[in-house]
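All remarks here apply to the structure that follows.
No lab work stands behind these numbers, since they all come straight from the coordinates. Computed from a predicted structure; not experimentally measured. Don't worry about glycine lacking a Cβ; one is built from the backbone with ideal geometry, like all the others, and counts go over all protein chains shown.
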Amino acid sequence: MSAVKRRARPTLAVVAREAGVSIGTASNILGSKAALHSSETVERVLRVARQLGYRPNRIARSLAARRSQTIGIIMEPPHALFTRNEYATAVLDGVVDCFTPHGYHIKIITLRDMNPRTLWAQIDDGTIDGAILIAPLIDSPLLSWHEHTALPCVVVGSALPESLGFYCVDSDSVGMITEVVNWLVDLGHRRIGFVQGPAEQWSARQREYAFRQAMAARGIEVRPEWLACGFYTQEGGRRAAEQLLQVYPPLTALIVSNDPMALGVLEVCRQRGVRVPEQLSVVGFDDIPLAALANPPLTTVRNPIHEIGYHAAQALLEQITSGEVKRGNCLLRGELVIRQSAAPPPLRTG
């Protein structure tokens with residue numbers, strides 16, 4: 001990880017002068033009123049603002065410190081609503097536990113428009129001192145964060161390429177999926193299926209990669225029909241189960257990329273009369289509260305989501321107070337929680 005001193009913030013007047021426009025024009029463009037001006041003028045002002053690292057700061061409580069004592073939590077529209085996303089709310093619990101003793105408020109930023117011309121005005125409007133991005137998508141414009149704003153930022157739920165310049169806090173998906181594969185193989189399973197998350201999420205690709213690598217390391221070829229996408233939702237898990245239960249000879253185990261999908265798999269197994277774990281073992285990922293209450297109780301990976309949120313908040317606070325940018329990936333190890341949904345395979349299964 002490296003540390004870089006943050007440059008001083010220029011004023012609106014400096015941006016206007018360098019862009020060759022009035023202060024009013026610059027204010028309009030940087031304040032979500034870009035439609036009032038030509039595209040050429042808008043692009044010129046935005047380019048200058050990016051180059052200078054301009055950040056409006058309208059409601060800072062202390063002009064000397066230039067701080068709002070507010071942190072932004074950002075999640076893209078393609079994710080589920082924040083209150084329906086168990087991962088996001090667990091992360092938020094950790095963030096709140098860290099920041100509340102320091103007198104910070106939390107602001108959930110609901111992005112209205114992912115158009116890069118207006119996106120940054122929604123985020124960097126002077127109301128926050130830093131931001132936590134929850135699982136940005138692979139093609140997200142948010143990944144160009146450092147080209148547009150000097151706001152400190154930490155990513156959770158995605159281990160991004162270090163070339164993008166973020167500090168990321170996530171679970172050790174590769175390590176934990178590898179542990180699950182080895183555990184199932186040691187139980188005697190060879191025909192192991194995998195329920196994938198959505199292809200546009202970093203975590204989904206990393207978990208699938210880990211599955212394939214771990215199976216290959218144990219000398220097991222993964223056939224294409226052993227994989228199905230569940231989109232990180234319970235309904236997606238149901239659809240994936242309908243597909244994977246058609247495989248012949250039957251699979252003896254399924255590794256599912258998150259618990260909501262695993263609950264969908266268990267539901268279809270009950271409907272189809274497939275006994276878990278006597279005929280099919282099912283292992284999830286995250287250990288959400290419903291996992292222990294499932295029928296049968298779900299074997300899963302306990303993802304340290306609260307700790308991920310807390311550590312991310314600590315890292316963001318360090319950047320805000322020190323003025324130094326953190327980079328790199330911090331991966332927190334989870335725990336395999338063995339319950340009643342997994343067991344050795346049935347005899348003579350091929």
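If r is the Cβ-Cβ distance from Val247 to Ser39 and R0 is 51 Å, what FRET efficiency results, to the nearest 0.05?
Using R0 = 51 Å, I get an efficiency of 0.45.
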Quiz prompt | Order of Thr70, Thr83 under a 10 Å beta carbon neighbour criterion, fewest first | solution = Thr83, Thr70
Practice problem: Report the charge-dipole magnitude of the chain in Debye, nearest 20, computed about the Cα centre from +1 at each Lys and Arg Cβ and -1 at each Asp and Glu Cβ. | Solution: 620
Quiz item: What is the order of Asp139, Asp97, Asp259, Asp287, fewest Cβ neighbours within 10 Å to most?
Solution: Asp139, Asp97, Asp287, Asp259
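Normalized C-alpha radius of gyration of the range 36-194, against 2.2 N^0.38 Å?
Against the compact-globule rule of thumb, the ratio is 1.28.
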Quiz prompt | Check: the range 173-303 dipole with +1 on Lys, Arg Cβ and -1 on Asp, Glu Cβ, in debye | solution = 260
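Between Asn115 and Ser27, what FRET efficiency comes out of the Förster formula 1/(1 + (r/R0)^6) with R0 = 22 Å and r the beta carbon distance, rounded to 0.05?
For Ser27 and Asn115, the calculated efficiency is 0.65.
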Quiz item: Dividing the convex hull volume of the alpha carbon atoms of the chain by its residue count, what do you get in Å³ per residue?
Solution: 138
Self-check item: Whole-Å semi-axes of the ellipsoid equivalent to the range 75-123 (Cα gyration tensor, √5λ, descending)
Solution: 23, 16, 6
Quiz item: Given H placed 1.01 Å from N in the peptide plane, which residues other than close sequence neighbours of Asn258 have an amide H under 5 Å from its amide H?
Solution: Phe285
Practice problem: Work from the charge dipole of the chain (Cβ charges, +1 for Lys and Arg, -1 for Asp and Glu, about the Cα centre) and give the residue of Trp120, Leu336, His102 farthest towards its positive end. | Solution: Trp120
Quiz item: Between Thr321 and Arg302, what is the spin-label point distance in nm, taking each point 7 Å from the Cα along the Cα→C-beta axis?
Solution: 3.0
Quiz prompt | Convex hull volume per residue for the range 194-274, taking Cα atoms only, in Å³ | solution = 80
Quiz item: If we count every other residue with Cβ under 10 angstrom of Glu335's Cβ, Lys/Arg +1 and Asp/Glu -1, where does the sum land?
Solution: 0
Quiz item: What does the charge count near Ala262 come to, summing +1 for each Lys or Arg and -1 for each Asp or Glu among other residues with Cβ under 12 Å from its Cβ?
Solution: -2
Exercise. Would you please give the residues with an amide H less than 5 Å from that of Ser140, counting only those at least 5 places away or on a separate chain, with H modeled from the backbone geometry?
Key: none
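Calculated from DSSP H runs of 4 or more alone, at -39500 (n - 2.57) each and per residue, what is the 222 nm mean residue ellipticity of the chain, nearest 500? Spell out each step's value before the answer.
Values: 11 runs with 130 residues, N = 350.
So the calculated ellipticity at 222 nm is -11500 deg cm²/dmol.
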Exercise. Pick out, from Leu317, Ser39, Gly273, the residue whose Cα sits farthest towards the positive end of the charge dipole of the chain, with +1 on the Cβ of Lys and Arg and -1 on the Cβ of Asp and Glu.
Key: Ser39
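What value in Å³ per residue do you get for the convex hull of the alpha-carbon atoms in the range 182-319?
120
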